[in-house]
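Asker: Shown below is the structure under consideration.
A short reminder: the numbers here are calculations on the coordinates, not readings from a lab. This one's a predicted model, so the numbers in the text were calculated from it and none came from an experiment. All Cβ positions, even for glycine, are placed from backbone atoms using ideal geometry, and neighbour counts span all protein chains on display.
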Ligand code: GLU
């Protein structure tokens, strides 16, 4: 069991998080998100937790983690919980690959309630974005070489996004039964992020609008984990390269590394990101 689990639940101070995946270098879109996260926390008298979302072991790389820690230091983003040195010193509860015990512990109660089943569907069988439940009642045990899925019941999730207003989502129709762990042994984003947000007592989730669709299912999952009031959510617009293309990790020109190499100072990068910050946050 993760010794840090639940530690922050007792704490009434607003707690938000910056949660990059080390699958590429940080780009200007991350800096805009970080500005939103840190500004919100500072305005609310709250704190920021740094989480390295390396749940996907095939795509994550240690050198991207080292680079993102260094870029955050260079830009002056200083996390209150799990500062960058906590990651450099070895095992860290802010790093998802070090939290296998927490994810197993959280899942145990759902398994005991009969909510999780093994799924051996291949990629080809998963032709639709909504899982249609082929393995729901096949009695496949939760082995390491099969996917683990959670039964998602019909029902509507309603929440008020701090930027977008009232949202209504239906997870059972958007995604069906949720994959918790894939057949390669990776915990999925939805499971790892929701378990972390719950156990770490995150009160405000501030992230790009590309994750808006995930929110209903994360509220659903958090409730199963025992969280009656979910965190507040704020989804901000993404930084776009062109009207229909967001900036991404593969865009060298908007990568913080490339900007540094081109002679930008940290102040200039922050100033540029400030000009792109989409929503007033105080
Ligand atoms: N790790 C995700 C990303 O880098 C962010 C997840 C989240 O904020 O919930 O896009």
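Asker: Given the Cα atoms of region 141-213, and with Rh set as the inverse mean 1/r over their pairs in the Kirkwood sense, what is Rg to Rh to two decimals?
Answerer: My calculation puts Rg/Rh at 1.01.
Asker: Do you know the relative contact order of region 86-184, to the nearest whole percent, from alpha carbon pairs under 8 angstrom that are 6+ apart?
Answerer: Relative contact order here is 26 percent.
Asker: Oh, and also: Could you work out the relative contact order of region 140-282? I mean the mean sequence separation of Cα pairs under 8 Å and 6+ apart, divided by the number of residues, in percent.
Answerer: Here the relative contact order equals 21 percent.
Asker: In nanometres, what is the gap between the two model label sites at residue 98 and residue 248, each 7 Å from Cα along Cα-to-Cβ?
Answerer: 3.1 nm
Asker: Which of 76, 118, 208 moves most in a GNM of the chain, Cα contacts under 10 Å?
Answerer: Result: 76 has the largest fluctuation of those listed.
Asker: For Cα pairs less than 8 Å apart in space and 6+ apart in sequence, what is the mean separation divided by the residue count of the chain, i.e. the relative contact order in percent?
Answerer: 25 percent
Asker: Compute the long axis of helix 189-199 from its Cα atoms, compare it with the longest principal axis of the Cα atoms of the chain, and write down the angle in degrees, 0 to 90, nearest 10.
Answerer: 80 degrees
Asker: Please give the helix 100-112 orientation as an angle from the longest Cα principal axis of the chain, in degrees from 0 to 90, rounded to the nearest 10.
Answerer: Rounded to the nearest ten degrees, it is 30.
Asker: Working from Cα positions, state the angle (0 to 90°, nearest 10) between the long axis of helix 266-276 and the longest principal axis of the chain.
Answerer: Helix 266-276 sits at roughly 60 degrees to that axis.
Asker: Going 7 Å from the Cα of residue 142 in the Cα-to-Cβ direction, what parts of region 90-132 have a backbone nitrogen less than 13 Å from that spot?
Answerer: Zone members listed by number: 101-119.
Asker: For the chain, modelled as a Gaussian network with Cα springs under 10 Å, which listed residue fluctuates most, 83, 62, 171?
Answerer: Maximum fluctuation in the GNM of the chain, among the listed residues, is at 62.
Asker: Still on this structure, I have one more. Multiplying the sequence separation of residue 275 and residue 113 by 0.36 nm and subtracting their Cα-Cα distance, what value in nm do you get?
Answerer: Residue separation times 0.36 nm, minus the Cα-Cα distance, leaves 53.4 nm.
Asker: Still on this structure, please answer the following. Show me, bin by bin at 5 Å from 0, the whole-percent P(r) of region 149-282 based on Cα pairs.
Answerer: Per 5 Å bin, starting at zero, the Cα-Cα P(r) for region 149-282 comes out as 2, 8, 15, 17, 17, 14, 12, 8, 4, 1, 0 percent.
Asker: Using only helices, what value at 222 nm comes out for the chain when you add -39,500 (n - 2.57) per DSSP H run of length 4 or more and divide by the total residues, to the nearest 500 deg cm²/dmol?
Answerer: Computed mean residue ellipticity for the chain: -9500 deg cm²/dmol.
Asker: If you don't mind, another one. Cut-off 10 angstrom, C-alpha nodes, Gaussian network model of the chain. Which of 49, 178, 115 fluctuates the most?
Answerer: 115
Asker: Calculate the FRET efficiency for residue 23 and residue 229 from the Cβ-Cβ distance with a Förster distance of 45 Å, rounded to the nearest 0.05.
Answerer: 0.90
Asker: Moving on to the next point. Extent of the chain along each principal axis, from alpha carbon coordinates, in Å, largest to smallest?
Answerer: 59, 42, 36
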